[in-house]
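Encoded as structure tokens, the structure appears first; notes follow it.
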Amino acid sequence: MSAGTCDHPGVRRANPAGRPGRGNASPLRDIDRAPVLVMAVGNILRRDDGFADAVLRVLAEEDLPDAVELFDAGTSIIDLMDVFHGRERLIVIDAVQGGRAPGTLYRFSPEEVEAEALPTTSLHQAGLLETLKLGELVGCRPRSAVVIGVQPGSTALGIGLTPEVEAAVSGAVKLVKKELGL
């Protein structure tokens, strides 16, 4: 297997249309992928864990280049290795426990987390790191990945972001656009 390809016979595409959503599995070899994937991770039923969905909804209204695909991954990251196929860059948006005030924004790479270079923990970090490592083994890992996160105020059951995290959505959109060179 060569780097940047996903030569695993069971791998399927999860989102053919691209912006934002899920579903409609079809073979990966039949599609062209946008080189940049912006992936939201979280659960809108757990207050601030829905942060990524809020950021993705704002980004969906932006005039983004065709080279960018938006994808709502929900919370099942380990099941989404196929979504990384053919990507140059992965930008993950997530709620992150970093010990700072709610609404604080973070930017870090999975490699920084593995090296324990910073005191942050994504609520879905284990699944993301495992998926990227597995993707590397079968040639599906993007060349680069970055996480844009927010310190949640509450991840209790409930719908709607806390005021501090709601206020951080626009800042996260700016960080994502900066990553995209916009």
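Every read-out reported here was derived from the displayed coordinates using simple, explicitly stated rules and does not represent laboratory data. Keep in mind it's a predicted model, so treat the numbers as computed, not measured. Backbone-built Cβ (ideal geometry, glycine too); neighbour counts: all protein chains shown.
Out of residues 5 or more away from V92 or on other chains, whose amide H comes under 5 Å of its own, with H placed 1.01 Å from N in the peptide plane?
M39, V146, V147, I148
G74's amide H: which non-local residues (gap 5+, or another chain) put their own amide H closer than 5 Å, with H modeled 1.01 Å from N in plane and none for Pro or chain starts?
Here the answer is G42, since their amide H atoms fall under 5 Å of that of G74.
Going by amide H atoms built from the backbone, whose H comes under 5 Å of the H on G103, apart from near neighbours?
Correct list: Q151, G153.
Please list, by residue number, every one of the trypsin sites (Lys or Arg not before Pro) in region 141-180 that is coil in DSSP and has at most 16 other beta-carbon atoms within 10 Å.
Counting only loop positions with at most 16 other Cβ atoms within 10 Å, the trypsin sites (Lys or Arg not before Pro) in region 141-180 are R143.
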